[in-house]
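What follows is a single structure, written as structure tokens, with notes after it.
The values are calculated or read from the model by the stated rules, or taken from the named source; none is laboratory data. Only a predicted model underlies this, so the values are computations on that prediction, with no experimental measurement involved. With ideal geometry, Cβ positions are generated from the backbone for all residues, glycine too; neighbour counts draw on all protein chains shown. Just the protein is used for accessible areas: all its heavy atoms, side chains included, with ligands, DNA and RNA removed. Shrake-Rupley method; radii C 1.70, N 1.55, O 1.52, S 1.80 Å.
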Amino acid sequence: MKAITYLAPALRTVYQFIVEMVADALGQEIELATGAADYADVREAELCFICGLPYIRRATLLEAIAAPVLRGQRYQNRPIYFSDVIVHHDSPFQHFADLRGSSWAYNEPESQSGYGITRYALLQMGETNGFFGRVIRAGFHQKAIRMVCQREVDAAAIDSQVLAIELRDHPRLAEQLRVIHVLGPSTIQPVAVSTRLSESLKQEIQTVITQLHHSPAAQAHFSYGLIDHFAPVSDADYNDIRAMLSACEQANFLRLA
């Protein structure tokens, strides 16, 4: 079997642990690879760690089975996350609306946290005609965070899990940033399996992943990722992201710039 992660590199050790536990339970080898930026290799995987936006676009190939529930009151013991809008600590920006004409970094265009929900928020504001002065693709949230810190761009929307981990592991970043707005929540990135798999195998993999938090071996990995446990999810749990995308498509608002 093959597993692919399309998510933030900072959390790869967590995904690797999950893959190893699933492989052990199934009694077979599973390789974890890093996915292509264009998702062209998604058909090759039996198991995927993928953002909600590219997931819903490929739901004929993949089926969501589990998703992390993050630690902290803001997550309400639900498989959700937020997009925290960050600016440099010394910048003049206080509110999202202040960012008109500013420079904006995003990780990649199929990211719900960095792109999709920003686009939806602008649609809700009636700002579909070039709100930002300059829009730059950073590649990953970690790079976008540092671009804001170094004042290469004015602002970015960052996956709240990734941001919390980066600020914990790199305290000096926290001194240089402020969160001025919160977008979301959105249903958090799923663990998805290929629709080619049998229903019994899908169920077995789901059970392994959603029971991992009972294992002492999981605690260090989950603590690192600020994860409490993985909850069962289904395709319908991602209808919130479908609704945001559909609204933007109907308005023909698909690009931030």
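For the chain, modelled as a GNM whose springs connect Cα atoms under 10 angstrom apart, the maximal fluctuation among His88, His214, His141 occurs at His214. A crude spin-label estimate for the pair Leu254 and His89, with each label 7 Å from Cα along the Cβ direction, gives 4.2 nm.
Between Ser200, Ser91, Ser102, where does the largest GNM mean-square fluctuation fall for the chain, given springs only between Cα atoms within less than 10 Å? Of the options given, Ser200 has the highest mean-square fluctuation. Between Glu31, Glu46, Glu108, which gets the highest mean-square fluctuation from a Gaussian network model of the chain, Cα cutoff 10 Å? Among Glu31, Glu46, Glu108, the largest GNM mean-square fluctuation belongs to Glu31. Database remark: amide H of Ser111 closer than 5 angstrom to the amide H of Gly116 (H placed geometrically; neighbours at sequence offset of 5 or more, or on other chains; Pro and chain starts carry no H).
Taking the charge dipole of the chain about its Cα centre, with +1 at Lys and Arg Cβ atoms and -1 at Asp and Glu Cβ atoms, the residue from Leu201, Leu226, Val182 reaching farthest to the positive side is Val182.
When the accessible area of region 56-139 is computed with all protein chains present and a 1.4 Å probe, what percentage of it is carbon and sulfur?
Exposed carbon and sulfur together represent 44 percent of the surface.
Distances between placed amide hydrogens fall under 5 Å for Ile80 paired with Leu70, Ile188, all partners being 5 or more residues away or on another chain.
Using θ = phi - 60° in the Karplus curve 6.51 cos²θ - 1.76 cosθ + 1.60, the 3J(HN,Hα) couplings for region 29-37 round to 7, 10, 8, 9, 10, 8, x, 5, 4 Hz; x is entered for Gly and Pro. Remark: the chain carries 43 Å² of accessible area per residue (probe radius 1.4 Å; ligands, DNA and RNA excluded). For region 20-128, the list of trypsin sites (Lys or Arg not before Pro) that fall in a loop by DSSP and count at most 13 other C-beta atoms within 10 angstrom reads Arg100. Remark: region 169-257 carries a charge dipole of roughly 260 debye about the Cα centre, counting +1 on each Lys and Arg Cβ and -1 on each Asp and Glu Cβ. In loop segments of region 136-199 as defined by DSSP, the trypsin sites (Lys or Arg not before Pro) with at most 14 further C-beta atoms inside 10 Å of their C-beta are Arg151, Arg196.
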